[in-house]
Amino acid sequence: MTKKFPLYYILGALMLLASCETTVPLDSSIDTEYTIYALAVAGQPVKAHISHKLSISMGVAFDHLDLDAFTKQSTDFYKKSLLIDDASVGLTVNGGLTYEMAYDTTLCCYTSSYTAQPGDELRIDVAPQVGCKAASTVTQVPTFAAEVSKVAYDVYFDQIATMADRKWEHNWRDYDAYGADSLMIISFDFQDPPGERNYYRLKVRSCNNFKATSHYQGGDSVSTACDVFFSSDPLFYDSRLVKGYGSWSPYFSNVFDDHSIDGKSYRLTVRSRKRLEPDTFTIIEMQSISESLFYYLKSIQLYRISTDDVYSNPIAIDGNVDDGWGVFGALNTRTYIIHR
Amino acid sequence: MRQLALRFIVMVLAMLPTHIVQAAERGDSTSLLNRGVKLDSIVVYGAHTDFGVTSVQMSAITLSKSQIQSVPVFMGEPDVLKTLQKFPGVQSSNDGAAGIFVRGGDYDQNYITLDGSALYNAEHLKGYVSAINPDVVQSINFYRGGFPARYGSRLSSVVDVGIKTGDFHNYHGLLSVGTLSARAQIEGPIFKGKTSFNLAGRVSYFGLIARPVLKKFYDKPDALQPYENMRYYDINAKVVHQFNDRHRLSGVFYYGKDVDDNTPSSSTNEYSTLGDESVPFDQQSAHKEKRQSAMSNNWHNLVSSLYWTARFNDKIWLNTNLSFSQYKYRLTYENTYLNDVKDNFRPYYHYEESSVMRYNNDISDLALTADAKFSLHPRHLLRGGIKLSTQRLTPATIVDKDSYLSQFNGPLNYSKTEQMPIPLYLEDGDSLHYKSGKGNDVNSIALYIEDDYDISTHFKANYGVRIAAYGASGKGYFSFEPRVSISYMPSDRTAIKASYTRMAQGIHRLMSGNLVMPSDIWVPITNKIPLMTSDMWGCAFNYKMPGDINVAIEGYYKTIKNVLEYQNGASFTMSETRWQDIVAVGDGRAFGAELLVERRFGNTTGWLSYTWSKSLRKFDREGNVLNSGKEFYSAADRRNNFSLNITHHFTLSRKVGLDLTGSWSYQTGRRGTIPYAYLFGYNLREYEYLGQHGFEQYWDVYAGKDISGLLTTDFGSFTGSPLPIYSFKTRNDFVLPSTHHLDIQCVVSLKSRLGESSFGLSLYNVYNRKNVSNIYVGHEGSKIVLKGLCPFPFMPSLFVSHKF
């Protein structure tokens, strides 16, 4: 056919000279930026993980591994090659004293000698190194910890069949199917302070401690825990979470803000698993979190359910590091324990 | 001499009756000829509407057919929208694309009309050619600011395309063959002096020419797959019946269709490590995977209208238009997947899946408009009108998915294992048939009144108001839109202008910011998605230099409310949820400065245009937060946009002419979003059930011996395994390289008894700048890199046309 159309030859020869693809350069300056993941919890030392980041080209290479290999190898790779253990890291408290943060080889992070206090404005500065430019990040520890009060609960034992019929539970898979678990419905009050926007993360952790069988660590006492819970309260509704993650339900997020309850005393009802062993307890924490941590956790929750759809808008992991990546979050919390 | 000639024309027109002058203003030479006024020895250059020094209107241009045809563009195809892109305030979405983005607004904010009726998708060939056939264009008035009250329903621009009325007395036509398409146009009388027609059509053969050539020379032929089988055609028709000098009935019809059927692609992946001693026994396996996929992407546009133009006397005119527009978009994916696995514990595993996903987007728009003009006072020209319209928008997702699994877990060879698997045969099937989306109606009524007021010799004003009411999903929206433009002319060569306009818009086009595979879909306002509005302030300085060179410098500041964007991670392919739940509503602002230097008359004509602009978005409302509520650049943000176009006409002989055009354009690169960074993040510790892995459920549990570990609040730090993350810092923070290209076009015209023949050579991107249109993840040796697709390298093209 091409013989009949010499135009093809002309066009082809000209376009051969004009290669039609090119490599798009990535901004090389981003390779010199630190990644900082730091958390300030009221009453505890500030801790920070500091690492390098990579351009997309290195990351994509991991995609050729299967899930297990990817998880194992990427973590190893991260620890061996990206984690920085010799950075000069300073923590400045309320614009005044600066504390040097030391690297803890066990925790693989930098720890301050200073204990964070409610209302503190904390700033982390990472000094430049060869190949990395300076980065800094600021957070403020929430001034209050929402107190959980008027706690009430009911326990429904051994109702697996009923749960499978979804009589009570939106997502019955939240509960293991070994016949040993049950459902705990917990209600409690918390008071949201009026005024500026407050951000929360609710943690409901069901725990137990049992004398393990030979299958588990040779008969030692073993503690187990699960943080998954569910509530149909609209406070937890997040329209972006169109799919569940693990046993977290779709449209459910345990990270929320107070825009619909500003300044009110609010009663929440949640459903959690409750194990039957004798030494069981449930921890309830209504954590006040910083704005940056709120957006970070929200983006992580969205990211982990995202699919590899070329039409989708990519997901940005929110952060608050200047000239770098990551987040410096803060939280203030009180723990309420239901022993049973 | 030319000045004298122009004065002569003005004098002649001044002596003619008003309706003939109006016909001349419209460029309707046939009306003049009908009355024995033969002016064919004098060429009337330039604008039909003057938006220069003497006009109160700012931020507007009028584009003539000759300007459109002089600009060298893709494969020599004259293109209305690409010509507009070379003017201030207008930019393309990506290199070579015809879609326009005006003053920081999105694509949907442009009201493109054919004789007053809406055209929803003004693009062919995935946007590389505009859907407006230049052969039928009479003139184009383009407004990017200072909108008179008679225009509404979009925020950023109005592209008012006038379709040429056919000759009432003689037959004319045009045949043209180019590298991209063939075109034909014919016009003439149906009933001499009473009824005329103008009929034109285009058909492309891009795939036929380009496919075999492009396929050979691209590094990754797969990347070209979406482009290699594209074709389009369109038809324009206009019939006009003149009852008498005062009444005229016109019918306009446009139909355009784009077809893009991709060749199905398939891949097979087969490997085995069974019996390979170097692989641990429990990891030995044999895999066979087969995938097949096909995609088709088609759309069509229909515009039809019937309008009656009446001049009741020399002071009152009325134009009544009944129009129906339709846009249908179809995107279909078909996939099949087969997977067979064998290993030492699972001798048989077979999985097959087939799916068809259809994404449809339909718009139907029925409108009735009446526009009246009153010239009751020498200093006032009053206009008033009403528009009733009903639009139905139907974005729909249809998914059919079937899967079948059969497997046998049984004793194969467990002599090397300590634990014998339980023999198990499993068979499972799943079927998903899903349809989401329904028709959403938007009904609206708009009333306007405006006045062109010559206050004094030095001052002019155009002021008015447009009032619109919208009803959608049971909720009503009201829009009050004041418009003011004023002009001060200290001399007959200078004008200083200022304007304020408020605009409202009842539909949105959702655009993905994904640079790899951008997508878009039209959606209406609803009870949850509010009316989009904008306020724009502008000022201008116009100066008419000696030598007929017009200079215009403008500045603007625009705010936009209720602009719509996809949420992070969202796309129109998400079948799990309604589109309203995956979008965010926010605000925007845009500002910039523009320069236009233009010469319309003479042998050497052309223009220089430069725009500096910024366009930003902010989404910080409850439940609509993007980018942590911080402001970010919109996808339409382009800092610099420069264009220089010069055409010189050489008269080689009385019958032979040559037009040589050079055009150089520069644009800052397109913005978009791509996760270009790979890093490791953390989550706060959460013990959670993570689903099934193989046949066992497992929990992410704390299994420490010390129970106090569970009581410590999140251990005071981010813990757990680091999460590999692909991310970016800010939405639309990835900027593609700047684009620029020099294009040259040479057209030789020969006049003969049979008409006028033109032979053209167009050289696009003469110095072969690799301008990136889209990107994908590719390879360079063993390294993974971002590859840019440059569909428009140096492209020579030839075209021949004949007018008769």
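Looking at B:LEU368, B:LEU376, B:LEU331, B:LEU405, just one residue is at pLDDT 95 or above and either in a strand (DSSP E or B) or surrounded by fewer than 16 Cβ atoms within 10 Å (Cβ to Cβ) (or both), and that residue is B:LEU368.
Residue-level check: of (1) buried (at least 21 other Cβ atoms within 10 Å of the Cβ); (2) in contact with a helix residue (DSSP H, G or I) (Cβ under 9 Å, 6 or more places away or on another chain), B:THR611 misses just (2). Within region A:234-272, being among the aromatic types (Phe, Trp, Tyr) and in a strand (DSSP E or B) holds for A:TYR237, A:TYR245, A:TRP248, A:PHE252, A:PHE256, A:TYR266.
Does A:SER292 satisfy the condition of being without any contact (Cβ under 8 Å) to a residue 24 or more places away in the chain, of a type outside the set (A, V, I, L, M, F, W, C) and not in a strand (DSSP E or B)? The answer is no for A:SER292. The condition (being open to solvent by 60 Å² or more (accessible area, probe 1.4 Å), under 23 Å from the mean Cα position of the chain (by Cα) and at pLDDT 85 or above) is satisfied by just one residue among A:TYR110, A:TYR103: A:TYR103. Applying the criterion of at least 3 residues that are open to solvent by 80 Å² or more (accessible area, probe 1.4 Å) and modelled with pLDDT under 85 to the strands (runs of 3 or more DSSP E) found wholly in region B:216-307 leaves B:265-272.
In the set (1) of a type outside the set (A, V, I, L, M); (2) more than 18 Å from the chain's Cα centre (by Cα); (3) within 9 Å of another protein chain (Cβ to nearest Cβ); (4) open to solvent by less than 60 Å² (accessible area, probe 1.4 Å), A:ASP233 fails one condition alone, (3).
Residue-wise test of (1) touching a helix residue (DSSP H, G or I) at 6+ places or on another chain (Cβ under 9 Å); (2) at the interface with chain A (Cβ under 7 Å from one of its Cβ atoms); (3) free of Cβ contacts under 8 Å to residues at least 12 places away in the same chain.
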| site | (1), (2), (3) |
| --- | --- |
| B:ILE646 | no, no, no |
| B:SER653 | no, no, yes |
| B:VAL656 | no, no, no |
| B:THR668 | no, no, no |
| B:ILE674 | yes, yes, no |
| B:LEU679 | yes, yes, no |
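Annotation note: of B:SER797, B:SER801, the sole residue that is open to solvent by less than 30 Å² (accessible area, probe 1.4 Å) and at pLDDT 85 or above is B:SER801.
Would you call A:TYR311 open to solvent by 10 Å² or more (accessible area, probe 1.4 Å), facing chain B (nearest Cβ under 8 Å), more than 16 Å from A:ALA146 (Cα to Cα) and at pLDDT below 85? Yes. When the test is whether a residue is within 23 Å of B:GLY104 (Cβ to Cβ), of a type in the set (Lys, Arg) and buried (at least 18 other Cβ atoms within 10 Å of the Cβ), B:ARG617 passes it. Within region B:151-177, the set of residues being open to solvent by 10 Å² or more (accessible area, probe 1.4 Å), under 30 Å from B:GLY555 (Cβ atoms) and either among the hydroxyl-bearing types (Ser, Thr, Tyr) or touching an Asp or Glu at 6+ places or on another chain (Cβ under 6 Å) (or both) comprises B:TYR151, B:SER153. Scanning region B:756-780 for residues that are crowded, with 16+ Cβ neighbours inside 10 Å and either more than 10 Å from chain A (Cβ to nearest Cβ) or touching a residue at least 60 places away in the same chain (Cβ under 8 Å) (or both) yields a count of 14.
Residue-by-condition table, conditions (1) touching a Ser or Thr at 6+ places or on another chain (Cβ under 7 Å); (2) assigned to a strand (DSSP E or B); (3) within 14 Å of chain B (Cβ to nearest Cβ):
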{"position": "A:GLY96", "(1), (2), (3)": "no, no, no"}
{"position": "A:THR106", "(1), (2), (3)": "no, no, yes"}
{"position": "A:TYR110", "(1), (2), (3)": "no, yes, yes"}
{"position": "A:GLY119", "(1), (2), (3)": "yes, no, no"}
{"position": "A:ARG123", "(1), (2), (3)": "yes, yes, no"}
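Looking for something surrounded by 24 or more Cβ atoms within 10 Å (Cβ to Cβ) and either without any contact (Cβ under 8 Å) to a residue 40 or more places away in the chain or closer than 17 Å to B:MET795 by Cβ (or both) - is there at least one such residue anywhere in region B:97-113? There is at least one residue in region B:97-113 that is surrounded by 24 or more Cβ atoms within 10 Å (Cβ to Cβ) and either without any contact (Cβ under 8 Å) to a residue 40 or more places away in the chain or closer than 17 Å to B:MET795 by Cβ (or both).
Here region B:645-666 is the region considered, the condition is being of a type in the set (A, V, I, L, M) and part of a strand (DSSP E or B), and the residue that is surrounded by the fewest Cβ atoms within 10 Å (Cβ to Cβ) is B:VAL656. So is B:VAL551 crowded, with 16+ Cβ neighbours inside 10 Å and modelled with pLDDT of 90 or more or not? In short, yes.
The values are calculated or read from the model by the stated rules, or taken from the named source; none is laboratory data. No experiment lies behind these values; they were computed from the predicted model shown. Cβ: placed from backbone, ideal geometry, glycine included. Neighbour counts: every protein chain shown. The accessibility values were calculated without ligands, DNA or RNA, using every heavy atom of the protein model including side chains. Shrake-Rupley method; radii C 1.70, N 1.55, O 1.52, S 1.80 Å.
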